[in-house]
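**Student:** Quick one: the structure is below, and I'll ask about it shortly.
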Amino acid sequence: MFDSVLVANRGEIARRVIRTARRMGIRAVAVYSDADVDLPYVREADEAVHIGPAPPARSYLDAGAILDAARKTGAAAVHPGYGFLAENAEFARQVGAAGLIWVGPDPAAIEQMGDKIRARNLMERAGVPVSPGSREPVSDVTAALAEADRIGYPVMVKAAAGGGGIGMGVAQDQAGLRAAFETARSRAERFFGSPEILLERYVERAHHVEVQILGLADGRVLALGERDCSVQRRHQKVAEESPAPGVSAELRQRMLAAAVLAGQAVEYRGAGTVECLVDADAGSFVFLEMNTRLQVEHPVTELVTGIDLVEQQFLIAAGEPPSFDTAAVRPSGHALELRVYAEDPVRFLPRPGPITEWEEPEGEGVRVDAGYEAGNTVTPFYDPLLAKLCVHGADRDQALARARLAVAAFRIAGPKTNLPFHAELLASTEFASGSYDTCLVSKLRPT
(Lines give C-alpha, C1' and ligand atoms only; values in the text may rest on other atoms or scores of the structure.)
Protein backbone atom coordinates (compact mmCIF):
# COMPACT_ATOMS: atom_id res chain seq x y z
CA MET A 1 0.00 0.00 0.00
CA PHE A 2 1.23 3.49 -0.83
CA ASP A 3 1.94 5.77 2.14
CA SER A 4 0.38 9.03 0.94
CA VAL A 5 -2.37 10.36 -1.32
CA LEU A 6 -3.25 13.77 -2.69
CA VAL A 7 -7.00 14.36 -2.88
CA ALA A 8 -7.62 16.41 -6.02
CA ASN A 9 -10.98 17.76 -4.93
CA ARG A 10 -12.78 19.84 -2.33
CA GLY A 11 -15.71 19.92 0.10
CA GLU A 12 -17.49 16.85 1.36
CA ILE A 13 -15.88 14.34 -0.99
CA ALA A 14 -12.36 15.52 -0.11
CA ARG A 15 -13.25 15.21 3.56
CA ARG A 16 -14.72 11.76 2.96
CA VAL A 17 -11.60 10.45 1.18
CA ILE A 18 -9.30 11.99 3.80
CA ARG A 19 -11.22 10.22 6.58
CA THR A 20 -10.64 6.77 5.09
CA ALA A 21 -7.03 7.55 4.16
CA ARG A 22 -6.17 8.50 7.72
CA ARG A 23 -7.94 5.44 9.12
CA MET A 24 -5.77 3.28 6.86
CA GLY A 25 -2.59 5.08 7.92
CA ILE A 26 -2.19 6.87 4.59
CA ARG A 27 -0.96 10.47 4.79
CA ALA A 28 -3.63 12.70 3.23
CA VAL A 29 -2.74 15.84 1.28
CA ALA A 30 -5.47 18.38 0.48
CA VAL A 31 -5.49 21.10 -2.17
CA TYR A 32 -7.54 24.26 -1.84
CA SER A 33 -8.43 27.46 -3.67
CA ASP A 34 -8.68 30.96 -2.23
CA ALA A 35 -12.40 30.37 -1.63
CA ASP A 36 -11.93 27.16 0.38
CA VAL A 37 -9.13 28.00 2.79
CA ASP A 38 -11.44 27.76 5.84
CA LEU A 39 -13.33 24.57 4.91
CA PRO A 40 -13.08 21.58 7.29
CA TYR A 41 -11.31 19.25 4.85
CA VAL A 42 -8.32 21.61 4.64
CA ARG A 43 -7.88 21.53 8.42
CA GLU A 44 -8.39 17.76 8.68
CA ALA A 45 -5.78 16.79 6.08
CA ASP A 46 -2.22 15.98 7.18
CA GLU A 47 -1.00 18.66 4.80
CA ALA A 48 -2.75 21.22 2.60
CA VAL A 49 -1.50 23.08 -0.48
CA HIS A 50 -2.93 26.26 -1.99
CA ILE A 51 -3.38 25.79 -5.75
CA GLY A 52 -4.93 29.01 -6.98
CA PRO A 53 -7.85 31.44 -7.03
CA ALA A 54 -11.51 30.51 -6.73
CA PRO A 55 -12.48 29.89 -10.38
CA PRO A 56 -12.21 26.11 -11.01
CA ALA A 57 -10.23 26.57 -14.24
CA ARG A 58 -7.50 28.23 -12.21
CA SER A 59 -7.48 25.78 -9.31
CA TYR A 60 -9.27 22.39 -9.21
CA LEU A 61 -9.18 22.02 -13.00
CA ASP A 62 -5.53 23.10 -13.23
CA ALA A 63 -3.79 19.76 -13.74
CA GLY A 64 -0.35 21.35 -13.61
CA ALA A 65 -1.00 22.98 -10.23
CA ILE A 66 -2.33 19.72 -8.78
CA LEU A 67 0.63 17.66 -10.04
CA ASP A 68 3.01 20.30 -8.73
CA ALA A 69 1.34 20.05 -5.30
CA ALA A 70 1.80 16.27 -5.40
CA ARG A 71 5.50 16.61 -6.20
CA LYS A 72 6.10 19.23 -3.50
CA THR A 73 4.43 17.12 -0.80
CA GLY A 74 5.86 13.78 -1.86
CA ALA A 75 2.42 12.26 -2.42
CA ALA A 76 2.55 8.77 -3.89
CA ALA A 77 -1.01 8.68 -5.29
CA VAL A 78 -3.82 10.92 -6.49
CA HIS A 79 -7.50 10.39 -5.68
CA PRO A 80 -9.74 12.59 -7.88
CA GLY A 81 -13.04 12.27 -5.98
CA TYR A 82 -15.92 13.08 -8.35
CA GLY A 83 -16.38 15.98 -10.75
CA PHE A 84 -13.53 18.29 -11.80
CA LEU A 85 -10.78 16.01 -13.23
CA ALA A 86 -12.18 12.67 -12.00
CA GLU A 87 -13.19 11.47 -15.49
CA ASN A 88 -10.45 13.23 -17.43
CA ALA A 89 -8.43 10.50 -19.16
CA GLU A 90 -5.61 12.89 -20.07
CA PHE A 91 -5.18 13.93 -16.43
CA ALA A 92 -5.11 10.26 -15.40
CA ARG A 93 -2.33 9.69 -17.93
CA GLN A 94 -0.42 12.71 -16.62
CA VAL A 95 -0.64 11.30 -13.10
CA GLY A 96 0.88 8.03 -14.29
CA ALA A 97 3.54 9.79 -16.35
CA ALA A 98 4.57 11.71 -13.22
CA GLY A 99 5.27 8.41 -11.49
CA LEU A 100 2.18 8.62 -9.27
CA ILE A 101 -0.55 6.06 -8.66
CA TRP A 102 -3.95 6.97 -10.11
CA VAL A 103 -6.75 5.92 -7.75
CA GLY A 104 -9.23 5.19 -10.51
CA PRO A 105 -9.78 3.12 -13.65
CA ASP A 106 -7.37 2.89 -16.55
CA PRO A 107 -7.47 6.03 -18.74
CA ALA A 108 -8.58 3.88 -21.68
CA ALA A 109 -11.72 2.84 -19.78
CA ILE A 110 -12.45 6.47 -18.87
CA GLU A 111 -12.09 7.42 -22.53
CA GLN A 112 -14.27 4.59 -23.82
CA MET A 113 -17.12 5.28 -21.42
CA GLY A 114 -16.80 9.07 -21.44
CA ASP A 115 -18.12 9.33 -24.99
CA LYS A 116 -21.78 8.33 -24.68
CA ILE A 117 -22.16 7.26 -28.30
CA ARG A 118 -19.03 5.12 -28.21
CA ALA A 119 -20.17 3.68 -24.87
CA ARG A 120 -23.65 2.81 -26.22
CA ASN A 121 -22.16 0.99 -29.20
CA LEU A 122 -19.68 -0.86 -26.99
CA MET A 123 -22.39 -1.92 -24.54
CA GLU A 124 -24.61 -3.17 -27.35
CA ARG A 125 -21.76 -5.35 -28.65
CA ALA A 126 -21.18 -6.64 -25.11
CA GLY A 127 -24.80 -7.81 -24.82
CA VAL A 128 -26.02 -5.02 -22.52
CA PRO A 129 -29.53 -3.75 -23.46
CA VAL A 130 -29.54 -0.23 -24.96
CA SER A 131 -32.38 2.02 -26.06
CA PRO A 132 -32.91 3.06 -29.69
CA GLY A 133 -30.55 5.96 -30.31
CA SER A 134 -27.69 7.52 -32.25
CA ARG A 135 -24.78 5.37 -33.35
CA GLU A 136 -22.88 8.42 -34.62
CA PRO A 137 -22.78 12.05 -33.39
CA VAL A 138 -25.63 14.21 -34.68
CA SER A 139 -24.01 17.18 -36.39
CA ASP A 140 -26.85 19.59 -37.10
CA VAL A 141 -30.60 20.17 -36.74
CA THR A 142 -31.40 18.56 -40.11
CA ALA A 143 -29.57 15.40 -39.12
CA ALA A 144 -31.24 15.48 -35.71
CA LEU A 145 -34.71 15.66 -37.26
CA ALA A 146 -33.95 12.69 -39.50
CA GLU A 147 -32.53 10.70 -36.59
CA ALA A 148 -35.54 11.49 -34.39
CA ASP A 149 -37.89 10.25 -37.13
CA ARG A 150 -35.92 6.98 -37.17
CA ILE A 151 -35.89 6.60 -33.37
CA GLY A 152 -39.42 7.82 -32.74
CA TYR A 153 -40.63 10.65 -30.49
CA PRO A 154 -40.26 11.58 -27.70
CA VAL A 155 -36.46 11.75 -27.75
CA MET A 156 -33.85 12.74 -25.19
CA VAL A 157 -31.23 15.19 -26.48
CA LYS A 158 -27.89 15.15 -24.64
CA ALA A 159 -24.22 16.03 -24.96
CA ALA A 160 -22.22 13.04 -26.20
CA ALA A 161 -19.25 14.00 -24.02
CA GLY A 162 -21.21 15.32 -21.04
CA GLY A 163 -22.87 14.32 -17.83
CA GLY A 164 -24.59 15.65 -14.74
CA GLY A 165 -27.76 16.48 -16.66
CA ILE A 166 -26.12 19.54 -18.23
CA GLY A 167 -27.78 20.46 -21.53
CA MET A 168 -30.19 17.53 -21.51
CA GLY A 169 -33.67 18.10 -22.88
CA VAL A 170 -36.74 16.19 -24.00
CA ALA A 171 -38.38 16.80 -27.38
CA GLN A 172 -41.93 15.64 -28.04
CA ASP A 173 -42.01 16.80 -31.67
CA GLN A 174 -39.98 18.55 -34.39
CA ALA A 175 -40.44 22.05 -32.95
CA GLY A 176 -39.31 20.87 -29.53
CA LEU A 177 -36.32 19.10 -31.05
CA ARG A 178 -35.11 22.24 -32.83
CA ALA A 179 -35.07 24.16 -29.54
CA ALA A 180 -33.62 21.30 -27.46
CA PHE A 181 -30.88 20.62 -30.00
CA GLU A 182 -29.62 24.21 -30.03
CA THR A 183 -29.64 24.38 -26.22
CA ALA A 184 -27.82 21.07 -25.86
CA ARG A 185 -25.19 21.91 -28.48
CA SER A 186 -24.47 25.32 -26.94
CA ARG A 187 -24.08 23.92 -23.43
CA ALA A 188 -22.10 20.91 -24.62
CA GLU A 189 -19.52 23.16 -26.22
CA ARG A 190 -19.42 25.46 -23.21
CA PHE A 191 -19.14 22.83 -20.47
CA PHE A 192 -17.45 19.89 -22.20
CA GLY A 193 -15.54 21.43 -25.09
CA SER A 194 -17.37 19.27 -27.64
CA PRO A 195 -20.55 20.16 -29.58
CA GLU A 196 -21.37 16.53 -30.40
CA ILE A 197 -24.96 15.53 -29.64
CA LEU A 198 -26.64 12.18 -28.98
CA LEU A 199 -30.34 11.34 -29.37
CA GLU A 200 -32.06 8.49 -27.54
CA ARG A 201 -35.64 7.30 -27.20
CA TYR A 202 -37.08 9.01 -24.12
CA VAL A 203 -38.67 6.60 -21.66
CA GLU A 204 -41.64 8.21 -19.93
CA ARG A 205 -42.45 7.17 -16.37
CA ALA A 206 -39.00 5.61 -16.08
CA HIS A 207 -37.02 4.73 -13.01
CA HIS A 208 -33.38 5.82 -12.96
CA VAL A 209 -31.55 2.90 -11.37
CA GLU A 210 -27.80 2.43 -11.19
CA VAL A 211 -25.57 -0.48 -10.21
CA GLN A 212 -22.42 -0.06 -8.14
CA ILE A 213 -19.57 -2.10 -9.60
CA LEU A 214 -16.09 -2.77 -8.33
CA GLY A 215 -13.35 -3.92 -10.68
CA LEU A 216 -10.80 -5.80 -8.56
CA ALA A 217 -7.04 -5.89 -9.01
CA ASP A 218 -7.24 -9.56 -10.04
CA GLY A 219 -9.52 -8.73 -12.99
CA ARG A 220 -12.87 -9.75 -11.52
CA VAL A 221 -15.82 -7.35 -11.68
CA LEU A 222 -18.34 -7.37 -8.83
CA ALA A 223 -21.83 -5.84 -8.64
CA LEU A 224 -22.57 -4.53 -5.13
CA GLY A 225 -26.27 -3.82 -5.54
CA GLU A 226 -28.37 -1.06 -7.05
CA ARG A 227 -29.58 2.42 -6.13
CA ASP A 228 -32.74 4.21 -7.26
CA CYS A 229 -31.88 7.79 -8.30
CA SER A 230 -35.22 8.83 -9.80
CA VAL A 231 -35.74 11.88 -7.55
CA GLN A 232 -34.23 14.54 -9.81
CA ARG A 233 -34.51 18.23 -10.59
CA ARG A 234 -33.15 19.48 -13.94
CA HIS A 235 -32.08 15.86 -14.64
CA GLN A 236 -29.81 16.03 -11.54
CA LYS A 237 -30.24 13.71 -8.58
CA VAL A 238 -31.34 14.98 -5.17
CA ALA A 239 -32.22 11.73 -3.37
CA GLU A 240 -31.20 8.09 -3.71
CA GLU A 241 -32.05 4.81 -2.03
CA SER A 242 -31.11 1.15 -1.97
CA PRO A 243 -32.53 -1.31 -2.64
CA ALA A 244 -34.62 0.24 -5.42
CA PRO A 245 -38.25 -0.13 -4.28
CA GLY A 246 -39.72 -0.57 -7.77
CA VAL A 247 -37.40 -3.33 -8.96
CA SER A 248 -38.31 -7.02 -8.72
CA ALA A 249 -35.75 -9.61 -7.60
CA GLU A 250 -35.62 -11.08 -11.11
CA LEU A 251 -35.09 -7.68 -12.78
CA ARG A 252 -32.47 -6.81 -10.18
CA GLN A 253 -30.43 -9.90 -10.99
CA ARG A 254 -30.55 -9.15 -14.71
CA MET A 255 -29.36 -5.60 -14.10
CA LEU A 256 -26.51 -6.73 -11.85
CA ALA A 257 -25.41 -9.27 -14.45
CA ALA A 258 -25.51 -6.63 -17.22
CA ALA A 259 -23.46 -4.22 -15.09
CA VAL A 260 -20.78 -6.89 -14.65
CA LEU A 261 -20.75 -7.41 -18.44
CA ALA A 262 -20.33 -3.67 -18.88
CA GLY A 263 -17.35 -3.58 -16.54
CA GLN A 264 -15.76 -6.62 -18.14
CA ALA A 265 -16.12 -5.07 -21.62
CA VAL A 266 -13.66 -2.29 -20.67
CA GLU A 267 -11.54 -4.34 -18.22
CA TYR A 268 -12.68 -2.02 -15.47
CA ARG A 269 -10.64 -1.51 -12.29
CA GLY A 270 -11.87 0.46 -9.31
CA ALA A 271 -15.26 1.81 -8.27
CA GLY A 272 -17.72 2.66 -11.03
CA THR A 273 -21.43 2.90 -11.70
CA VAL A 274 -23.56 1.55 -14.53
CA GLU A 275 -26.68 3.68 -14.90
CA CYS A 276 -29.91 2.35 -16.41
CA LEU A 277 -33.41 3.47 -17.27
CA VAL A 278 -35.96 0.98 -15.99
CA ASP A 279 -39.51 0.34 -17.12
CA ALA A 280 -40.70 -1.53 -14.05
CA ASP A 281 -44.14 -2.20 -15.53
CA ALA A 282 -42.58 -3.97 -18.53
CA GLY A 283 -39.85 -5.56 -16.44
CA SER A 284 -37.15 -4.17 -18.74
CA PHE A 285 -34.15 -1.85 -18.59
CA VAL A 286 -31.67 -0.18 -20.93
CA PHE A 287 -28.13 1.09 -20.46
CA LEU A 288 -27.88 4.84 -19.91
CA GLU A 289 -24.22 5.57 -19.19
CA MET A 290 -21.26 4.50 -17.08
CA ASN A 291 -19.59 6.78 -14.54
CA THR A 292 -15.93 5.88 -14.24
CA ARG A 293 -15.50 7.26 -10.73
CA LEU A 294 -16.91 7.25 -7.23
CA GLN A 295 -20.51 8.50 -7.24
CA VAL A 296 -21.91 11.23 -5.00
CA GLU A 297 -24.39 8.66 -3.68
CA HIS A 298 -21.87 5.94 -2.82
CA PRO A 299 -22.77 6.09 0.94
CA VAL A 300 -26.09 4.39 0.13
CA THR A 301 -24.25 1.26 -0.99
CA GLU A 302 -21.80 1.51 1.90
CA LEU A 303 -24.66 1.55 4.41
CA VAL A 304 -26.39 -1.55 3.06
CA THR A 305 -23.21 -3.58 2.42
CA GLY A 306 -20.91 -2.40 5.20
CA ILE A 307 -18.15 -1.96 2.59
CA ASP A 308 -16.00 1.21 2.57
CA LEU A 309 -15.74 1.92 -1.16
CA VAL A 310 -12.91 4.43 -0.79
CA GLU A 311 -10.89 1.81 1.07
CA GLN A 312 -11.48 -0.60 -1.82
CA GLN A 313 -10.37 2.08 -4.30
CA PHE A 314 -7.07 2.43 -2.44
CA LEU A 315 -6.55 -1.33 -2.26
CA ILE A 316 -7.30 -1.85 -5.96
CA ALA A 317 -4.99 1.01 -6.97
CA ALA A 318 -2.23 -0.60 -4.91
CA GLY A 319 -2.83 -3.98 -6.57
CA GLU A 320 -4.10 -5.56 -3.36
CA PRO A 321 -7.14 -7.80 -2.77
CA PRO A 322 -10.36 -6.38 -1.30
CA SER A 323 -10.81 -6.22 2.47
CA PHE A 324 -14.10 -8.16 2.38
CA ASP A 325 -15.20 -11.66 1.43
CA THR A 326 -16.43 -11.27 -2.15
CA ALA A 327 -18.54 -14.42 -1.86
CA ALA A 328 -20.41 -13.15 1.20
CA VAL A 329 -21.73 -9.75 0.07
CA ARG A 330 -25.36 -9.59 1.19
CA PRO A 331 -26.98 -6.13 1.24
CA SER A 332 -28.85 -5.65 4.50
CA GLY A 333 -31.66 -3.27 5.38
CA HIS A 334 -32.52 -0.08 3.52
CA ALA A 335 -30.61 3.18 3.03
CA LEU A 336 -31.49 6.67 1.82
CA GLU A 337 -29.37 9.67 0.86
CA LEU A 338 -30.74 13.21 0.72
CA ARG A 339 -28.50 15.80 -0.91
CA VAL A 340 -28.61 19.04 1.06
CA TYR A 341 -27.96 22.04 -1.19
CA ALA A 342 -27.68 25.78 -0.60
CA GLU A 343 -30.59 26.52 -2.89
CA ASP A 344 -34.11 27.84 -3.02
CA PRO A 345 -36.31 24.86 -2.04
CA VAL A 346 -39.02 25.85 -4.51
CA ARG A 347 -37.20 26.89 -7.69
CA PHE A 348 -33.94 25.03 -6.89
CA LEU A 349 -31.74 28.01 -7.73
CA PRO A 350 -28.37 28.33 -5.91
CA ARG A 351 -28.34 30.55 -2.82
CA PRO A 352 -24.71 31.08 -1.70
CA GLY A 353 -23.82 33.00 1.46
CA PRO A 354 -22.30 32.75 4.95
CA ILE A 355 -23.41 29.92 7.25
CA THR A 356 -24.29 31.26 10.70
CA GLU A 357 -25.65 28.04 12.24
CA TRP A 358 -24.90 24.38 11.55
CA GLU A 359 -26.26 21.55 13.69
CA GLU A 360 -26.18 18.04 12.29
CA PRO A 361 -28.72 15.36 13.26
CA GLU A 362 -27.55 12.37 15.24
CA GLY A 363 -28.98 8.98 16.17
CA GLU A 364 -28.96 5.34 15.24
CA GLY A 365 -28.58 4.77 11.51
CA VAL A 366 -27.82 8.44 10.73
CA ARG A 367 -24.71 9.48 8.78
CA VAL A 368 -23.85 13.00 7.58
CA ASP A 369 -21.11 13.59 5.01
CA ALA A 370 -20.67 17.36 5.22
CA GLY A 371 -18.38 19.80 3.47
CA TYR A 372 -19.19 22.83 5.61
CA GLU A 373 -19.69 24.00 9.18
CA ALA A 374 -20.82 27.18 10.95
CA GLY A 375 -18.64 30.13 10.00
CA ASN A 376 -17.95 28.92 6.45
CA THR A 377 -19.24 30.73 3.37
CA VAL A 378 -20.88 29.03 0.41
CA THR A 379 -19.42 30.74 -2.65
CA PRO A 380 -20.91 30.93 -6.16
CA PHE A 381 -17.90 29.24 -7.76
CA TYR A 382 -18.82 25.59 -7.16
CA ASP A 383 -21.75 23.21 -6.94
CA PRO A 384 -23.79 24.30 -3.86
CA LEU A 385 -23.85 20.82 -2.25
CA LEU A 386 -23.52 21.34 1.51
CA ALA A 387 -23.89 17.81 2.84
CA LYS A 388 -25.32 14.36 2.24
CA LEU A 389 -27.80 13.26 4.89
CA CYS A 390 -27.84 9.46 4.90
CA VAL A 391 -29.89 7.03 6.97
CA HIS A 392 -30.05 3.27 7.32
CA GLY A 393 -32.82 1.13 8.76
CA ALA A 394 -33.78 -2.51 9.08
CA ASP A 395 -36.35 -1.92 6.32
CA ARG A 396 -37.63 0.94 4.16
CA ASP A 397 -40.30 2.04 6.66
CA GLN A 398 -37.71 2.42 9.41
CA ALA A 399 -35.31 4.22 7.08
CA LEU A 400 -38.05 6.67 6.05
CA ALA A 401 -38.97 7.32 9.68
CA ARG A 402 -35.36 8.00 10.58
CA ALA A 403 -34.95 10.25 7.55
CA ARG A 404 -37.97 12.36 8.55
CA LEU A 405 -36.59 12.87 12.06
CA ALA A 406 -33.11 13.63 10.74
CA VAL A 407 -34.36 16.25 8.26
CA ALA A 408 -36.36 17.96 11.01
CA ALA A 409 -33.27 18.00 13.27
CA PHE A 410 -30.80 19.36 10.67
CA ARG A 411 -30.31 23.06 11.44
CA ILE A 412 -28.63 25.31 8.87
CA ALA A 413 -28.99 29.08 9.05
CA GLY A 414 -27.66 31.66 6.61
CA PRO A 415 -28.19 30.50 3.04
CA LYS A 416 -31.50 28.98 2.03
CA THR A 417 -31.38 25.18 1.75
CA ASN A 418 -33.54 22.47 0.20
CA LEU A 419 -34.24 20.83 3.56
CA PRO A 420 -37.91 21.97 3.34
CA PHE A 421 -38.15 20.16 0.00
CA HIS A 422 -36.79 16.96 1.53
CA ALA A 423 -39.37 17.20 4.33
CA GLU A 424 -42.08 17.52 1.68
CA LEU A 425 -40.61 14.65 -0.33
CA LEU A 426 -40.56 12.32 2.67
CA ALA A 427 -44.15 13.28 3.52
CA SER A 428 -45.47 12.63 0.01
CA THR A 429 -47.57 9.50 -0.42
CA GLU A 430 -46.03 8.73 -3.82
CA PHE A 431 -42.46 8.66 -2.50
CA ALA A 432 -43.53 6.72 0.58
CA SER A 433 -45.24 4.13 -1.62
CA GLY A 434 -42.04 3.51 -3.61
CA SER A 435 -43.94 3.75 -6.90
CA TYR A 436 -42.43 7.08 -7.97
CA ASP A 437 -40.49 7.73 -11.18
CA THR A 438 -38.32 10.48 -12.68
CA CYS A 439 -41.35 12.79 -12.93
CA LEU A 440 -41.85 12.95 -9.14
CA VAL A 441 -40.18 16.32 -8.54
CA SER A 442 -42.13 17.98 -11.35
CA LYS A 443 -45.31 16.68 -9.73
CA LEU A 444 -44.31 18.12 -6.35
CA ARG A 445 -43.16 21.36 -7.99
CA PRO A 446 -45.42 21.87 -11.05
CA THR A 447 -44.40 24.81 -13.23
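**Student:** Is the C-alpha gyration tensor of the chain telling us rounded, prolate or oblate? Criteria: a/c under 1.5 is rounded; beyond that, a/b larger than b/c is prolate, otherwise oblate. Let's see the in-between values first.
**Tutor:** On the way: a/c = 1.28, a/b = 1.16, b/c = 1.11.
The shape class here is rounded.
**Student:** Across the stretch 334-349, in residue order, what do the Karplus-derived ³J(HN,Hα) couplings come to in whole Hz, using 6.51 cos²θ - 1.76 cosθ + 1.60 with θ = phi - 60° and x for Gly and Pro?
**Tutor:** 9, 10, 10, 10, 10, 7, 9, 10, 7, 7, 4, x, 9, 9, 6, 9
**Student:** Sticking with this structure for a sec: For the full complex of protein chains and a 1.4 angstrom probe, list Glu311, Glu200 by accessible area with the highest value first.
**Tutor:** Numbers: Glu311 35, Glu200 5 Å².
Largest accessible area first, the residues go Glu311, Glu200.
**Student:** Please arrange Arg71, Arg93, Arg367, Arg10 by accessible surface area, largest first, computed with a 1.4 Å probe and ligands excluded.
**Tutor:** From most accessible down to least: Arg71, Arg93, Arg367, Arg10.
**Student:** Still on this model: Can you pull the accessible area of Glu87 for me, 1.4 Å probe, Å² to the nearest 10?
**Tutor:** 80 Å²
**Student:** With every protein chain left in place, what is the accessible area of Phe324 in Å² (1.4 Å probe, nearest 10)?
**Tutor:** 40 Å²
**Student:** Would you kindly state how much longer the chain becomes between Arg58 and Arg178 on full extension, computed as 0.36 nm times their sequence separation minus their alpha carbon distance, in nm to one decimal? Please list the in-between numbers first.
**Tutor:** On the way: separation 120, 0.36 × 120 = 43.20 nm, distance 3.50 nm.
So the chain would gain 39.7 nm between Arg58 and Arg178.
**Student:** Report the label-to-label distance for Arg43 and Arg190 in nanometres (one decimal), using points 7 Å from each Cα along the Cα→Cβ vector.
**Tutor:** 3.6 nm
**Student:** Still on this model: How big is the gap, in Å, between the Cα center of the stretch 297-345 and the Cα center of the stretch 379-447?
**Tutor:** Spelled out, the Cα-based centre of one part sits 20 Å from the other.
**Student:** Mind checking the stretch 205-245 for trypsin sites (Lys or Arg not before Pro) that DSSP puts in a loop (not H, G, I, E or B) and that have at most 16 other Cβ atoms within 10 Å? Walk me through the numbers before you get to the answer.
**Tutor:** Numbers: sites: Arg205, Arg220, Arg227, Arg233, Arg234, Lys237; in loops: Arg205, Arg220, Arg234.
Answer by residue number: Arg205, Arg220, Arg234.
**Student:** Still on this structure, please answer the following. Defining a contact as two alpha carbons under 8 Å apart and six or more residues distant in sequence, what relative contact order in percent does the stretch 1-101 show?
**Tutor:** The value is 31 percent.
**Student:** Which ³J(HN,Hα) values in Hz, rounded to whole numbers, follow from the phi angles of the stretch 69-84 under the Karplus curve 6.51 cos²θ - 1.76 cosθ + 1.60, where θ = phi - 60° and Gly and Pro get x?
**Tutor:** Along the stretch 69-84, the couplings run 5, 5, 5, 4, 9, x, 5, 8, 9, 10, 10, x, x, 10, x, 6 Hz.
**Student:** Tell me whether the stretch 21-70 comes out rounded, prolate or oblate; compute the Cα gyration tensor, take square roots of the eigenvalues as a ≥ b ≥ c, and use a/c under 1.5 as the rounded threshold.
**Tutor:** oblate
**Student:** Here is a follow-up. So which aspartates and glutamates pass the test for Lys158, namely a Cα distance under 12 Å, with those fewer than 8 places away in the same chain ruled out?
**Tutor:** Asp115, Glu182, Glu189, Glu196, Glu200, Glu289
**Student:** Consider a paramagnetic label point 7 Å from the Cα of Arg330 along Cα→Cβ; state which residues of the stretch 198-223 have an amide N under 18 Å from it.
**Tutor:** From the stretch 198-223, the list is 223.
**Student:** Which aspartates and glutamates, if any, have their Cα less than 18 Å from the Cα of Lys416, not counting same-chain residues under 8 positions apart?
**Tutor:** Partners within reach: Glu343, Asp344, Glu357, Glu359, Glu360, Glu373, Asp383, Glu424.
**Student:** Please work out whether the stretch 308-353 counts as rounded, prolate or oblate from its C-alpha gyration tensor, where a ≥ b ≥ c are the square roots of the eigenvalues and a/c under 1.5 means rounded, while otherwise a/b larger than b/c means prolate and anything else oblate? Write down the numbers at each step before the final one.
**Tutor:** Working: a/c = 6.45, a/b = 2.14, b/c = 3.02.
The shape class here is oblate.
**Student:** Rolling a 1.4 angstrom probe over the protein chains, ignoring ligands and nucleic acids, what is the accessible area of Met156 in square angstrom, nearest 10?
**Tutor:** Accessible area, nearest 10 Å²: 20 Å².
The values are calculated or read from the model by the stated rules, or taken from the named source; none is laboratory data. Being a predicted model, the structure only gives us computed values, none of them experimental. Cβ: placed from backbone, ideal geometry, glycine included. Neighbour counts: every protein chain shown. Surface areas here come from the heavy atoms of the whole protein model, side chains and all, with no ligands, DNA or RNA. Shrake-Rupley method; radii C 1.70, N 1.55, O 1.52, S 1.80 Å.
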